[in-house]
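The values are calculated or read from the model by the stated rules, or taken from the named source; none is laboratory data. This structure is a prediction, so every number in the text was calculated from the model and none was measured. Cβ placement follows ideal geometry from the backbone for every residue including glycine, while neighbour counts extend to all protein chains displayed. Accessible surface is based on the protein model in full, side chains and every heavy atom, while ligands, DNA and RNA are left aside. Shrake-Rupley method; radii C 1.70, N 1.55, O 1.52, S 1.80 Å.
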Amino acid sequence: MQQGAIHKILIANRGEIAIRIVRACKDLHIANVAIYTKPDAECLHVKVADEAYCVGDEPLKGYLDPAKIIETAKQCGADAIHPGYGFLSENYDFAKAVEDAGLILIGPKSDIILKMGNKNIARSLMKENGIPVVPGTEPLNKESMDTIKTLARRIGYPVILKSSGGGGGRGIREVWSEDELEDNYESCKREAKAFFNNDEVFMEKLIEKPRHIEFQILGDNYGNIIHLCERDCSIQRRHQKVIEIAPCPTISEDLRKRMGVAAVAAAKAVGYTNAGTIEFLLDDYNNFYFMEMNTRIQVEHGITEEVTGVDIIGRQIRIASGEILDIEQSEVKARGVAIEARITAENAWKDFAPSPGTITGYFPALGPGVRVDTHIYQDYEIPPFYDSMLAKIMVKASSYDLAVSKLERALDEFKIEGVTTTLPFLHAISKRRHFRKGFFDTSYLEERLEDILENTADEASEVVAAIAAAKLRGEQ
């Protein structure tokens, strides 16, 4: 790493990703600064960072206040800001404000975030550069409902409505017939306005039961761009990822190569820098379509690190400091298979309702080839204000079958007491035959959810009983 390029990094995030960035900073001997709001005062990222500053009493406001974050960075002498994922990580105004303040944003330039953050602009850019996209429309906000219905018939049902500025599974509606179109269109616009302050909506052909394949991209400031292989993110619920695998266990080497070439071409089309992700939908006939580009680090980046040996967060920092990317595409090879499962504080048997509370026992899975990224610890009180993810468990083995076996063992070994978690639910998935064989697509969980929950009801009852007993002991 070029000495002196970045001296101190402020981490504009919380929880496990903030801790991951702190560790990358310490590996590179770079001073690091955490921020937190009052409810997060006891969060682990505050405890492990070199410095920590409170940015407000309200749970979310401080993490979403560009002016306050930049002011804090200047006051503590930071010369760079890492946004992590979520919050302001893909916010153009924040990125531009960081640049205008003379600070380094550890991510792509603001103009790239602007282009790729709008799905319609991204679609048009990909089409212009020969990257396959799903058949669809331009923004629909000025069209009459009769015109929208005509466009839907031309595309062919089912169709999917998407917010232009959406992400994280929000601002999406599947429409299977014309009778459903108007209500779904209006609700999609309302959700898009509420979550992204942008009610622009467009329509695409719904690719039924695709696989969701994404390629990790790295690009420096000198035009060098590579991919770090792919991840299969098809195990989803309501467009939210649950389990991810690197590399995909079922695609051919020829298809992998073609998709990788297209991913790099897509990144080059926008002049991408730093870490990002090109996401594709893959149909039953091995046709793949550009879906979107995420201009930030992904939650599931760790499994790519495990199979490639590349410290992606470290590379983000080194690229932002001005280093030339010294990895050739021919040097990138996936060694083994890694799987990530997202453990959340949710009750799967009550429609995944959030389950905040105090962790009375924490016993993470350990052993060879097991990695846990988390911000929780025994006696930590989970606040109800944020995303419900508690930990990411990652396993690595020499083959997909062995990786699934290791995942099953690790999920069974992992214990979090005091709150209801999705551990039994994830454990049930790991034991299913179709998952073990790699026979799944994005419809897998939705179609089998009831059966999976029924098969884990006994285990769930034991967990609930243990939580109730622990609470009772605390009251006595």
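Amide hydrogen proximity for Glu292: with H placed 1.01 Å from N in the peptide plane, the residues at 5 or more positions away or on another chain lying under 5 Å are Glu279. For Lys392, a cut-off of 12 angstrom between C-alpha atoms picks up these aspartates and glutamates, skipping any fewer than 8 places away in its own chain: Glu16, Glu244, Glu300, Glu340, Asp373. Sorting 132-140, 392-400 by their mean Cβ neighbour count within 10 Å, with the most densely packed peptide first, gives 392-400, 132-140. Given their separation in residues at 0.36 nm each and the Cα-Cα distance between them, His239 and Arg335 gain 31.7 nm when the chain is fully extended. Once you reduce region 260-278 and region 360-385 to the center of their Cα atoms, the two points are 34 Å from each other. Here the spin labels are modelled as points 7 Å beyond Cα on the Cα-Cβ line, and at Tyr377 and Phe363 they lie 2.0 nm apart.
The 3J(HN,Hα) values that the Karplus relation (6.51, -1.76, 1.60; θ = phi - 60°) gives for region 111-119 are, in residue order, 5, 6, 4, 5, 5, 7, x, 9, 4 Hz. Gly and Pro appear as x.
Of the residues His29, His434, His82, the one with the largest accessible area comes first in the ranking His29, His434, His82, computed with a 1.4 Å probe on protein heavy atoms. When a 1.4 Å probe is rolled over the protein heavy atoms, the share of accessible surface on the chain that falls to carbon and sulfur comes to 49 percent. Kindly identify region 23-79 as rounded, prolate or oblate by the Cα gyration tensor criterion: order the square roots of the eigenvalues as a ≥ b ≥ c, call it rounded if a/c is under 1.5, otherwise compare a/b with b/c, prolate if a/b is larger, else oblate. Oblate. The overall shape of region 181-287, judged from the alpha-carbon gyration tensor, is oblate: a/c is not under 1.5, and a/b is no greater than b/c. First measure r as the distance between the Cβ atoms of Glu178 and Glu128, then evaluate 1/(1 + (r/R0)^6) with R0 = 41 Å and state the FRET efficiency to the nearest 0.05. Once rounded, the FRET efficiency stands at 0.85.
Compared with the alpha-carbon gap, the fully stretched path from Ala67 to Phe195 is longer by 44.0 nm at 0.36 nm per residue. A Förster radius of 30 Å, combined with the Cβ-Cβ distance separating Glu143 from Lys268, puts the computed FRET efficiency at roughly 0.35. Take region 369-458 with all the other protein chains still there, run a 1.4 Å probe, and you get 42 Å² of accessible area per residue. Restricting the calculation to Cα atoms, region 327-403 shows an Rg/Rh of 1.10 when the hydrodynamic-style radius is the Kirkwood one. From helices alone, the chain scores -11000 deg cm²/dmol at 222 nm; the rule is -39500 (n - 2.57) for each run of n ≥ 4 DSSP H residues, then divide by the residue total.
In percent, rounded to a whole number, the relative contact order of region 1-151 is 19, using alpha-carbon pairs under 8 Å and six or more apart. Solvent exposure of region 99-245, expressed per residue, is 42 Å² of accessible area, with all protein chains present and a 1.4 angstrom probe. For region 96-191, rounded, prolate or oblate, judged on the Cα gyration tensor with a ≥ b ≥ c (square roots of eigenvalues), a/c < 1.5 rounded, else prolate if a/b > b/c? Judged from the Cα gyration tensor, region 96-191 comes out prolate (a/c at least 1.5, a/b above b/c). For region 45-85, the solvent-accessible area works out to 45 Å² per residue, with a probe of 1.4 Å and every protein chain left in place. Relative contact order, whole percent, for region 297-420 stands at 31, derived from Cα pairs under 8 Å and 6 or more residues apart. Model label sites at Leu60 and Lys74, defined 7 Å from Cα along the beta-carbon direction, differ in position by 2.7 nm. Full extension of the segment from Asp412 to Asn286, taken as 0.36 nm per residue of separation minus the current Cα-Cα distance, would add 41.9 nm. With θ taken as phi - 60° and the Karplus curve 6.51 cos²θ - 1.76 cosθ + 1.60 applied, the whole-hertz 3J(HN,Hα) list for region 408-414 is 4, 5, 5, 5, 5, 6, 5 Hz, x standing for glycine and proline.
Applying both filters, DSSP loop and at most 15 other Cβ atoms within 10 Å, to the chymotrypsin sites (Phe, Trp or Tyr not before Pro) of region 236-335 gives Tyr285.
With both labels modelled 7 Å from their Cα along Cα-to-Cβ, the Ser252 to Ala41 distance reads 6.1 nm.
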